[in-house]
Amino acid sequence: MNDQPQISYPDSNKSPVARAFAEPGVPHIRALNVPGLRALYVKEVRRFFKVQLQTIWAPAITTLLFLVIFTVALGGAGRTVIGVPFADFIAPGLIMMAMLQNSFANSSFSLLVGKIQGTIVDYLMPPLAVGELMIALVGAAITRAVLVGFALWLAMLLWPGVDVMPDHFWAIAVFGVLGAMMLGFLGLITSVWAEKFDHAAAVTNFVVTPLALLSGTFYSVDRLAPWFQTVAHANPVYYAIMGFRYGFIGTVDSTIANPVWLAIGVLVGVNAALGLFTYRLLTSGWKLKA
């Protein structure tokens with residue numbers, strides 16, 4: 001006969017085993033899950049850094065070829081745009097264009113490859129809130145964009161006839177992060193919607209690339225026809241490139257009043273809208289959960 005008394009654990013004094021499991025529907029981690037967020041962020045960074053020759057250096061070299069073509073093959077030497085040498089004008093735009101494209105490429109890959117390979121559960125099962133998942137994935141995309149931009153800046157720094165020394169470092173940092181964040185959100189939305197790599201490639205070819213090429217990267221917007229200037233001003237990528245270029249050359253190709261602060265306002269608004277839409281999309285579980 002067992003004479004030992006039965007031990008009960010009231011709610012205020014649960015055993016370690018009982019405390020390990022929360023009641024159904026009751027959140028166990030009530031604050032920001034910093035260790036989990038950091039683990040996912042590091043995982044995403046290590047994923048693209050393992051193939052850095054393809055994800056960082058190759059885009060930098062490919063973009064550098066644009067600078068070579070425009071400054072050498074097309075006789076860019078001696079030409080000026082808005083009072084600065086042509087090479088100095090297009091160099092910041094090329095850096096920003098590469099950053100935007102690689103931010104999109106990184107964030108549009110994670111969830112998509114998880115759906116294709118059947119490992120999407122690795123993103124859905126950990127105790128991460130939707131906001132934490134977004135921060136980790138978009139943060140990794142921004143990190144890749146910054147690394148690509150830094151590698152490209154180093155290459156242009158050594159290229160003769162190009163001056164890429166920063167004039168306003170704060171503008172480079174602000175517009176670099178806001179631009180990369182914008183395309184990071186767009187890539188995350190694409191990874192939720194896409195069902196195969198062809199879908200993500202279609203968004204790259206028909207949305208991201210046209211937005212980047214028609215944003216004043218290679219030309220001054222104020223020299224366009226009035227109707228095309230209106231189109232360019234409706235392109236949020238234009239404001240990212242215009243502000244980023246301002247950080248290097250100290251001037252802008254726009255007659256709008258306070259163009260730099262207007263650009264910051266536009267990018268903050270676009271990022272807020274894309275972030276809210278991404279949050280609602282991930283919360284709904286559309287195309288992610290059965």
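Just so you know, all these numbers are worked out from the coordinates, no wet-lab data involved. Since we're looking at a predicted model, the values are computed, not measured. For neighbour counting, all protein chains shown are included, and Cβ atoms are generated from backbone atoms with ideal geometry for every residue, glycine included.
Nearest 10 degrees, 0 to 90: what angle lies between the long axis of helix 86-107 and the longest principal axis of the chain (Cα atoms)?
20 degrees
Among TRP57, PRO35, ALA240, which residue has its Cα furthest toward the positive end of the charge dipole of the chain, with +1 on Lys/Arg Cβ and -1 on Asp/Glu Cβ?
Of the listed residues, the answer is PRO35.
Size of the dipole of the chain about the Cα centre, Lys and Arg at +1 and Asp and Glu at -1 on the beta carbon, nothing else charged, in debye to 20?
Result for the chain is approximately 420 debye, rounded to the nearest 20.
At what distance in nm do the modelled label points of LYS289 and THR255 sit from each other, each positioned 7 Å from its Cα along Cα→Cβ?
Distance between label points: 5.3 nm.
Considering every Cα-Cα pair within the stretch 28-284, what fraction, in whole percent, is farther apart than 35 Å?
Of all Cα-Cα distances in the stretch 28-284, 17 percent exceed 35 Å.
Quick check for you: which residues of the stretch 128-152 have the amide N under 13 Å from the point 7 Å beyond the Cα of LYS43 toward its beta carbon?
128-129, 133-134, 136-137
Taking only pairs that are 8 or more places apart or on different chains, how many Lys pairs in the chain have Cα atoms under 14 angstrom apart?
Working: LYS115/LYS196; LYS115/LYS287; LYS115/LYS289; LYS196/LYS287.
Lysine pairs meeting both conditions in the chain amount to 4.
Just order 192-198, 260-266 by mean Cβ neighbour count inside 10 Å, highest at the front, would you?
Numbers: 192-198: 14.3, 260-266: 17.1.
Top to bottom by mean Cβ count within 10 Å: 260-266, 192-198.
Please determine, in degrees from 0 to 90 and to the nearest 10, the orientation of helix 259-284 with respect to the longest principal axis defined by the Cα atoms of the chain, where the helix direction is its Cα long axis.
For 259-284 against the chain, the angle is about 30 degrees.
Helix 58-68 against the longest principal axis of the chain: what's the angle in degrees, Cα atoms only, rounded to the nearest 10?
Tilt relative to the chain: about 10 degrees.
Taking θ as phi - 60°, what are the ³J(HN,Hα) couplings along the stretch 174-189 by the Karplus curve (6.51, -1.76, 1.60), each to the nearest whole Hz, with x for Gly and Pro?
Computed from phi, the couplings for the stretch 174-189 are 5, 6, x, 6, 5, x, 5, 5, 4, 6, x, 5, 4, x, 5, 4 Hz.
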